[in-house]
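> Please read through the structure below; I'll follow up with questions.
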Amino acid sequence: MKKIFFTLLTVMFCVSAFSQTVETIRKDYADALAHAKQINDPEYPVNNKFKVVTEQMMPGSGSHQVTANFYYYEDENEESPSDITKSIYYVTHSYNWAAREYYEEYLYTRNGKIEFIYQRGYDDDFQLYEYRFYFDAKGVIKVIVKRKKDDDSALTQEYSGATVTDKYKKAYDAAVKQSEYFKGLFDTLNYFSY
């Protein structure tokens, strides 16, 4: 009986040790920002990232540019050190629609699961918004929404909670779908990088 108890206690400890919290996600995010800064430093000799840029002229809105930067983990195969496996780590995505600028970030766990999504842009009423979605292995654990209305001088917090309310469900679903899209695009870029 003691053996079963200690086994269960060990399993519970391991699960809790690897569960994501907002604090651990923020640490992972800070590490991702530091890594991206280092990779983008002109003095740093290694530039291990994929970058996709599209530019086009759009009728009625002018010049349109989309940029996506893909940062990745590299794992060497112990049996064959030249065989390196890449897995998605962090994505920045920026684009404009006319004069409005949009910016997004996607942070993934070591096994490719979405961990954090940040989006800044404009809604249908042309109000500036920010969404932050935090995830653990089971799904969303924290949602923060900020908005700047016409009369406001800065963004103000509109919502903070552990669930996605109906008001933000559409934005949440679109953000998760976009994170899956970038994961698939990373796999395509990785395939062609050899």
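> So how strong a dipole does the stretch 63-178 carry about its Cα centre when Lys and Arg Cβ are +1 and Asp and Glu Cβ are -1, to the nearest 20 debye?
On the way: 16 positive and 21 negative charges, 104 e Å.
That gives a dipole near 500 debye.
> Under 5 Å between amide hydrogens, which residues at least 5 positions from Ala137 or on another chain qualify, with H placed 1.01 Å from N in the peptide plane?
Residues meeting the amide H criterion: Gln20.
> Separate question: Taking the alpha-carbon distance from Lys167 and a cut-off under 22 Å, which lysines remain once sequence neighbours fewer than 8 residues away in the same chain are dropped?
Leaving aside lysines fewer than 8 places away in the same chain, those within reach of Lys167 are Lys138, Lys142, Lys146, Lys148, Lys149, Lys177.
> Per residue, how much accessible area does the stretch 86-172 have with a 1.4 Å probe, in Å²? Mind dumping the intermediate values first?
Working: 4650 Å² over 87 residues.
So the stretch 86-172 comes to 53 Å² accessible per residue, rounded to a whole number.
> Placing unit charges on C-beta atoms (Lys and Arg positive, Asp and Glu negative, everything else neutral), compute the dipole magnitude of the chain about its Cα centre in debye, rounded to 20.
700
> Among Ala137, Phe116, Tyr159, which residue has its Cα furthest toward the positive end of the charge dipole of the stretch 89-194, with +1 on Lys/Arg Cβ and -1 on Asp/Glu Cβ?
Of the listed residues, the answer is Ala137.
> State to the nearest 20 debye the size of the charge dipole of the stretch 120-194 about its Cα centre, where the only charges are +1 on K and R beta carbons and -1 on D and E beta carbons.
260
> Where does the chain land at 222 nm, in deg cm²/dmol rounded to the nearest 500, when only DSSP H runs of n ≥ 4 count, each adding -39500 (n - 2.57), divided by all residues? Write out the running numbers ahead of the final one.
Numbers: 3 runs with 62 residues, N = 194.
Computed ellipticity for the chain at 222 nm equals -11000 deg cm²/dmol.
> Using only Cα atoms, what is the ratio of the radius of gyration of the stretch 129-191 to 2.2 N^0.38 Å? Walk me through the numbers before you get to the answer.
Values: Rg = 14.5 Å, N = 63, 2.2 N^0.38 = 10.6 Å.
Expressed relative to 2.2 N^0.38 Å, the Cα Rg reads 1.37.
> Pop the C-beta distance of Asp166 and Met58 into the FRET formula with R0 = 35 Å and round what comes out to the nearest 0.05. Before the final figure, lay out the partial values.
Working: r = 32 Å, r/R0 = 0.93.
About 0.60, to the nearest 0.05.
> Okay, next question. As an exercise, take the mean of 1/r over every pair of distinct alpha carbons in the chain, invert it, and state the Kirkwood radius in angstroms.
On the way: mean 1/r = 0.0524 Å⁻¹.
Hydrodynamic radius (Kirkwood, Cα pairs) of the chain is 19.1 Å.
> Further question on the same structure: Determine the share of the chain's accessible area contributed by carbon and sulfur atoms, expressed in whole percent, with a 1.4 angstrom probe.
Answer for the chain: carbon and sulfur cover 55 percent of the accessible area.
> Taking square-rooted eigenvalues a ≥ b ≥ c of the alpha carbon gyration tensor, is the stretch 67-170 rounded, prolate or oblate, where a/c under 1.5 means rounded and, failing that, a/b exceeding b/c means prolate? Write down the numbers at each step before the final one.
Numbers: a/c = 3.86, a/b = 1.85, b/c = 2.08.
Note, shape of the stretch 67-170 comes out oblate.
The values are calculated or read from the model by the stated rules, or taken from the named source; none is laboratory data. Fair warning: this is a prediction, and the values are worked out from it, not measured in the lab. Please note: Cβ atoms are built from the backbone with ideal geometry, for glycine as well, and neighbour counts cover all protein chains shown. These accessible areas exclude ligands, DNA and RNA; they are computed on the full protein's heavy atoms, side chains included. Shrake-Rupley method; radii C 1.70, N 1.55, O 1.52, S 1.80 Å.
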